[in-house]
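Step one of this worksheet: look at the structure below.
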Amino acid sequence: MEDVRNAFSRRDLLALSGLAAGALAVKRAAADVAAPTAPVSVAKVASYDLDLVAQIEQMFDQIGGIGNQVRGKTVAMKVNLTGSSGRGRHVGLTAGQTSWVHPNVVGALTAVFAKLGAKRVRILESTFRKKYGTPLEDTLLNDGWDVNAIKNAASIVEFEDTNGLGSAQQYSTLKVKSRQPFIFPAFSLNHSYEDCDFFVSVAKMKNHEELGVTLSMKNLFGITPELLYGLGPKPPGASQWVRERVFHYGQVQPPAGVPQELDPTSNRYEGWRMPRLLTDICGARPIDLAIIDGIEAIIGGEGAGMPGTKHGKPGLLVVGRNCVSTDAVAMATMGYNPRAGRNEPPFRLFKASHEHPPDQLIPPGETHQYADNTAMMGEAAGLGTADLSKIDLRGVPIKDAVYDYEAHWKGQAPV
Amino acid sequence: MPLRLLEQGPQHWHEACNPGDELSRRYLAFATLLSLCPVWAADPGRWVPARWDGGPLELTRRAKGQTPPVEAREAVARWYDPATLGLLEGTPINCLLVTFSIGAGAEAEHQQHQLVKEYARLARARGIATLGIVYPGANPEAVAVAAREAQLDGLVLDGEFPAGFAARLGTGALVIPIARDAASLRTSKTPLLAIEGVRPDARDLSDMGIRAGASAEPWIESNIWLVRSFRLGTEWRPIWINQRPNPSSQGDYIRCVADSAVAGGRWMIAIDDDLRAGLFRKDHGALTSWRSIATYLKFSEDHAQWRNFQPYGNLGVILDNDFSDEYLNLLTRRQVPYRLLLRSELRAASLSGFQAVLAIAPPTEAERKILCDFAEKGGLVVAGPSWGDPPKDDPYAEVPLGKGRVAVYKEDPPNPESVAKDMMDLLDPEVMGLSVFNVPSAITYASAGDKRVLVQLLNYAGRPIDRVTIRFNGSFKTARLYTPENPSLDLSVRATGNGRTELLIPKLTAWGAVLLE
């Protein structure tokens, strides 16, 4: 594999500089356009059994209200159902308490959108199954969701598994509209991501084995349909998992007719590719509202199978109109530096050796596994600012909201 | 009372009741009742067993390994005090397995035999059978003599014994070996089997040092698949599961009872030293635990008729001597209902009623024809690479055959976990027949009889599960939930529109059984 530094393109050099330990500075493009931002609200919420409708309404008010954007409109919520089987969880806990967004959050959001006058609420996720066609509602039943209650929270509530065509006859192609696409110029997606007026990313506040953290931007990785991207040829040695071989490692190009990579010779290292890819996805399908559920969550990884993961109760809810700013604030409440670089937590990684190709374990030019900071990539692409000093923070101050994920993960948090 | 080998079938048990013995009026009446019901009294199928290890010999035996803690030693040594029989009142336990012989010195063995003899006499007066546990090293001839003298109802062999040991106990001895190899016993005609099982448990893979993916399910250790693996015919027979509970695991005792009972077996109840000491002292907490065990046992025995229901499944699993039990274990864990079919009984007619067949072993020409005919008529055959044309890259390939198809695996033999997982994709929900939602730490078992369907669920986690949804093929008007803790509860049923019935269990604490009619 080529030296990671040589793999930087000009666009990367515009975006990134200074890989010195402990710092990842960002250079703005020549036009020096200030990255957009929007208020972010942080709330401390002790339990899913509290009045989340009232809580969310308050937070929406704090960020300036969204009523005008959803009244009479179709609101699409892409929820985070990691693994999607619903069976992956710690013994005695629900997926909603660990790796999934919680049904009470989704139900409350549905109710609030309905109160604000949304015409239709669509709940979306791409389930990870070999066989497509199982209703998304059945996936939710696997975590004990009261699907009927969510359906009754608004006049029209629909569910769609976006891992394939769904109810449409063709996929929608959405172009990356950020300042500078990194990996792909466009993506072919389930129609639901185009057929909506207001798009919400409902994420879980978690660490991530390959990306350090997974928040509202990473949540959108799940909008890429495996059934389409998996149609491409699979050369010997390529990962059996569609998303890995096409997106994470770039071993395979998408099938013909689907937007191809901008530069198939660019860096194949996952920690380099994925933050940029996620930025592209968010550029293709902009997030109108980011919701991050950290009331209860899994600490130390994105799913139950990672050793050392723990169930935690951060008691946090973070809401914002700008996904980069919202993720930055969320990272800060997790105890991380939102502008951290690849040599710092949470971006200094420890991936399972038997689950990744050897060339993914220690990239050339580095001494360890890493991921670049997705929020910083978003800032570089002009999607938003990850600079806390430029973000209008509402609700609970960060210093009063911090739940140190790293300390809890390592068992070093104060009792 | 003559002893006889279990293989010869149970015989009438004749109460040797000497009116000169000191029987209270209470037990004289009971003994009279027994004498009117000799078949019931002697029917091992009615025995609800409990390992009742104790006496000085038990302490000697355990001194070779891990000795009981100080507070429990007195309880173990004096376990055959008559007062301990009082613990059995109000419980269905009617068969005690007592420490009888470990191959110790003659004096120690004799002392134990005399202790057991008296204890067994008192137990017999209460209608309780007594079986002597024999450990390796024992002298079979001496054991046989002592057992006859003590009028034991039989002997249980716990451990690895030299060949011929059971025969040396005498042709009349009722001998129940605790087997360790289930596969070899599966076709046995023995009317009662005792099998070494596992401790029922649910654990996170990460806690077991296993690194898995984000959607990794808890690992469940269960004996449900083991018990049902002996159900090859229509008749039920008692299967006893031998395993020690984990007292530090909340709800472990009741889980042990249910884990063996769900598919019609019985746990050889074993109590740990802490519980034993507490019971000996009549501690409130210990008695509460004991009562919970009794509640679960009673639930099992009160619904004994459920054992006559036949296992449900549209998937047939073809068994032979080389078949790995891990397929059965993992299919059960994945909530895939199945029925077993002996390879020796594979015929076209025996496949009727199935919609899919798991046939891992390389088929003979005749077997291949039967399976091909099955697939051509619309069935699914799941086979290993010996079927032919295995895929080069993918784990399996589906090959159309007539109206049906064959799924041929690449790996030889196919990985049991992969097969179990792939069944969720290979079998449509309507073929699966039973769909259960939100049971990652539970195992389900479906059976059917008299146009009724029984879906049993056992939760292996220490916390209840909220909202379990069940869908089952067919149209049912009523669903009633039975649990050991609460009165039965009628559940609402809903037709799903594709010929299935759906219902919701609001909360599953441990053991639940839904009867659909």
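Residues are listed down the side, and each one gets a yes or a no for (1) in a loop (DSSP other than H, G, I, E, B); (2) of a type in the set (F, W, Y):
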residue	(1), (2)
A:I183	yes, no
A:F199	no, yes
A:G222	no, no
A:P235	yes, no
A:S239	yes, no
A:R245	no, no
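The set of residues from the stretch B:218-252 being assigned to a loop (DSSP other than H, G, I, E, B), within 14 Å of another protein chain (Cβ to nearest Cβ) and at pLDDT 70 or above comprises B:P218, B:S222, B:N246, B:G251. Can you pull out the residues in the stretch B:447-472 that are among the hydrophobic types (A, V, I, L, M, F, W, C) and in contact with a Lys or Arg (Cβ under 8 Å, 6 or more places away or on another chain)? Selection gives B:L458, B:I465, B:F472.
Would you be able to say whether some residue in the stretch B:125-139 is hydrophobic (A, V, I, L, M, F, W, C), in a helix (DSSP H, G or I) and closer than 30 Å to B:S300 by Cα?
Looking through the stretch B:125-139, at least one residue is hydrophobic (A, V, I, L, M, F, W, C), in a helix (DSSP H, G or I) and closer than 30 Å to B:S300 by Cα.
Would you pick out the residues in the stretch B:70-87 that are of a type in the set (D, E, K, R) and in a helix (DSSP H, G or I)? Within the stretch B:70-87, B:E71, B:R73, B:E74 qualify.
If you go through the stretch B:454-481 and pick out every residue that is closer than 18 Å to B:A261 by Cβ and either under 20 Å from the mean Cα position of the chain (by Cα) or within 14 Å of chain A (Cβ to nearest Cβ) (or both), you end up with 7.
For the stretch A:232-254, the set of residues classified as out of contact with any helix residue (DSSP H, G or I) (no Cβ under 7 Å at 6 or more places or on another chain), modelled with pLDDT of 90 or more and surrounded by fewer than 19 Cβ atoms within 10 Å (Cβ to Cβ) consists of A:Q253 only. Among the residues of the stretch B:88-101, are any part of a helix (DSSP H, G or I) and either at pLDDT 95 or above or touching a Ser or Thr at 6+ places or on another chain (Cβ under 9 Å) (or both)? Scanning the stretch B:88-101, I find at least one residue that is part of a helix (DSSP H, G or I) and either at pLDDT 95 or above or touching a Ser or Thr at 6+ places or on another chain (Cβ under 9 Å) (or both), so the answer is yes.
Among the residues in the stretch A:56-66, are any away from chain B (no Cβ under 13 Å), outside any strand (DSSP E or B) and of a type in the set (F, W, Y)?
Yes: one or more hits.
Taking B:L427 as the residue in question, decide whether it is touching a residue at least 24 places away in the same chain (Cβ under 8 Å), more than 9 Å from chain A (Cβ to nearest Cβ), touching a Ser or Thr at 6+ places or on another chain (Cβ under 7 Å) and hydrophobic (A, V, I, L, M, F, W, C). The answer is no for B:L427.
Does A:G88 fit the bill of being buried (at least 21 other Cβ atoms within 10 Å of the Cβ) and at pLDDT below 95? Considered against the rule, which asks whether it is buried (at least 21 other Cβ atoms within 10 Å of the Cβ) and at pLDDT below 95, A:G88 comes out as yes. When A:G83, A:G92, A:G117 are checked against the criterion of being of a type outside the set (D, E), assigned to a loop (DSSP other than H, G, I, E, B) and farther than 30 Å from B:R463 by Cα, a single residue qualifies: A:G117.
Checked against (1) within 23 Å of B:G474 (Cα to Cα); (2) in a helix (DSSP H, G or I), B:G353 passes all but a single condition, namely (2). For the stretch A:347-383, a tally of residues being farther than 15 Å from A:M274 by Cα and of a type outside the set (D, E) returns 13.
Does B:D422 satisfy the condition of being in contact with a Gly (Cβ under 8 Å, 6 or more places away or on another chain), among the acidic types (D, E) and either part of a helix (DSSP H, G or I) or within 14 Å of chain A (Cβ to nearest Cβ) (or both)? Taking the combined requirement at face value, the residue does not satisfy it. Just one of (1) surrounded by 20 or more Cβ atoms within 10 Å (Cβ to Cβ); (2) of a type outside the set (A, V, I, L, M, F, W, C); (3) on the phi > 0 side of the Ramachandran plot fails for A:G365. It is (1). Candidates in the stretch A:262-308 are the residues that are in contact with a Gly (Cβ under 8 Å, 6 or more places away or on another chain) and without any contact (Cβ under 8 Å) to a residue 40 or more places away in the chain; of these, the one that is nearest to A:P345 (Cα to Cα) is A:P307. Highlighted here are the strands (runs of 3 or more DSSP E) found entirely within the stretch B:375-418 that include at least 1 residues which are more than 14 Å from chain A (Cβ to nearest Cβ) and more than 35 Å from the chain's Cα centre (by Cα): B:396-401, B:404-409. Within the set A:S167, A:S178, the sole residue that is more than 14 Å from chain B (Cβ to nearest Cβ), surrounded by fewer than 22 Cβ atoms within 10 Å (Cβ to Cβ), touching a residue at least 24 places away in the same chain (Cβ under 8 Å) and in contact with a Cys (Cβ under 9 Å, 6 or more places away or on another chain) turns out to be A:S178.
Within the stretch A:308-334, restricting attention to residues that are under 16 Å from the mean Cα position of the chain (by Cα) and not in a helix (DSSP H, G or I), the residue that is farthest from A:V45 (Cα to Cα) is A:N322.
Only one of the listed residues (A:G301, A:G305) is more than 30 Å from A:C196 (Cβ to Cβ) and within 16 Å of the chain's Cα centre (by Cα). That residue is A:G301. The residue that is surrounded by the fewest Cβ atoms within 10 Å (Cβ to Cβ), counting only those in the stretch B:466-484 that are of a type in the set (D, E, K, R) and farther than 26 Å from A:P103 by Cα, is B:K477.
Checked against the criterion of being surrounded by fewer than 23 Cβ atoms within 10 Å (Cβ to Cβ), at pLDDT below 95 and farther than 26 Å from A:V318 by Cα, the stretch A:182-194 has no qualifying residue.
For every residue, the table says whether it meets (1) more than 11 Å from chain B (Cβ to nearest Cβ); (2) farther than 16 Å from A:T82 by Cα; (3) assigned to a strand (DSSP E or B); (4) out of contact with any His (no Cβ under 8 Å at 6 or more places or on another chain).
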{"site": "A:G107", "(1), (2), (3), (4)": "yes, yes, no, yes"}
{"site": "A:F113", "(1), (2), (3), (4)": "yes, yes, no, yes"}
{"site": "A:I123", "(1), (2), (3), (4)": "yes, no, yes, yes"}
{"site": "A:R129", "(1), (2), (3), (4)": "no, no, no, yes"}
{"site": "A:D138", "(1), (2), (3), (4)": "no, no, no, yes"}
{"site": "A:D143", "(1), (2), (3), (4)": "no, no, no, yes"}
{"site": "A:N148", "(1), (2), (3), (4)": "no, yes, no, yes"}
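Within the set B:Q114, B:Q151, the sole residue that is in contact (Cβ under 8 Å) with a residue 60 or more places away in the chain and surrounded by fewer than 21 Cβ atoms within 10 Å (Cβ to Cβ) turns out to be B:Q151. Of the residues examined, A:G107 is not one that is among the small types (G, A, S), modelled with pLDDT under 95, within 21 Å of the chain's Cα centre (by Cα) and under 26 Å from A:I223 (Cα atoms). Residues of the stretch A:348-365 being over 22 Å from A:M217 (Cβ atoms) and touching a Lys or Arg at 6+ places or on another chain (Cβ under 8 Å), which ones? The answer is A:A352, A:H354, A:E355, A:D359, A:L361, A:G365.
Pairs linking a residue in the stretch B:366-381 that is without any contact (Cβ under 8 Å) to a residue 60 or more places away in the chain to a residue that is among the β-branched types (V, I, T) and in a helix (DSSP H, G or I), with Cβ atoms under 9 Å and 6 or more positions apart or on different chains, are B:L380/B:V431.
The values are calculated or read from the model by the stated rules, or taken from the named source; none is laboratory data. Only a predicted model underlies this, so the values are computations on that prediction, with no experimental measurement involved. Note that each Cβ is placed from the backbone with ideal geometry, even for glycine, and that neighbours are counted across all protein chains shown.
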